[in-house]
Amino acid sequence: MTSRWRVIGPVVRGRVLFAVPTRAPHYALTVDDGPDPATTPGLLDALRRHGAHATFFVLGERVRRHPDLAARIVAEGHELGNHTWRDEPTWSLAPDAFRERLRAAQEELTVHGSVRWFRPGSGWPTPDHLAIARAEGLRCALGSAVAIAGAGAGTAGSGRWLAAVVHRGAVVVLHEGPQRARVPATVDDLLARTARRGLTAVTLTELAGTG
């Protein structure tokens, strides 16, 4: 990780959001790879129970398949982020292919509202991808607390350990989908634990506005 950061650090520093310095008792909750009927409704129910909000980094092809879920996400006060067209490692894409997938996803997403953020698939953006996203009016957001165990959905203890590392201004990254059935329960547990510490989950846009 250290050597990787030496290479990419100068490229992404200041151009990618990892966290937000803020005095507000907020952190951003973000969920990748939806929308999906197996998990999105449960996630939305958990968020509603806790009066929390999130940013859903969705895939264009899945928004096309489940426009009702994308519409529900926005109707319930959450926001959509661009996770490109399909679930793939975007760092391997040539610039033209990346631009094509980013734009295709953006066309699907903006039917439901404005979109300000993008997150590359499988981790890191390239310098070219950052420049393309910026030209399309999108800022890259990664995260400071990422659930990796359980295929990105977390395990039975994920809510506990995530809550322990979440602080003001943190950006939490989770994933959803058919193989990640535990993620609604993880979110429910996380929201309850952080609420006891006086912290509330908000969208990326709301968090960025408090910095």
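Quick look at the numbers
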item: Matching residues, segment 185-210, being of a type outside the set (A, V, I, L, M), under 16 Å from Thr155 (Cα atoms) and crowded, with 23+ Cβ neighbours inside 10 Å; result: Thr186
item: From the options Pro10, Pro67, residue that is modelled with pLDDT of 95 or more, surrounded by fewer than 16 Cβ atoms within 10 Å (Cβ to Cβ) and not aromatic (Phe, Trp, Tyr); result: Pro67
item: Identity of the residue in segment 108-125, over 12 Å from the mean Cα position of the chain (by Cα) and outside any loop (DSSP other than H, G, I, E, B), that ends up surrounded by the most Cβ atoms within 10 Å (Cβ to Cβ); result: Leu109
item: Residue ID - farthest from Asp32 (Cα to Cα), chosen from residues in segment 89-107 that are at pLDDT below 95 and surrounded by fewer than 13 Cβ atoms within 10 Å (Cβ to Cβ); result: Ser92
item: Answer from Arg134, Arg168 - the residue that is open to solvent by 50 Å² or more (accessible area, probe 1.4 Å) and part of a loop (DSSP other than H, G, I, E, B); result: Arg168
item: Answer from Thr55, Thr40, Thr30 - the residue that is open to solvent by less than 30 Å² (accessible area, probe 1.4 Å), out of contact with any strand residue (DSSP E or B) (no Cβ under 6 Å at 6 or more places or on another chain) and polar (S, T, N, Q); result: Thr40
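The values are calculated or read from the model by the stated rules, or taken from the named source; none is laboratory data. Because the structure is a prediction, the values reported are computed rather than measured. Glycine also receives a Cβ, built like all others from the backbone with ideal geometry; neighbour counts cover every protein chain displayed. With ligands, DNA and RNA removed, areas are computed over all heavy atoms of the protein, side chains included. Shrake-Rupley method; radii C 1.70, N 1.55, O 1.52, S 1.80 Å.
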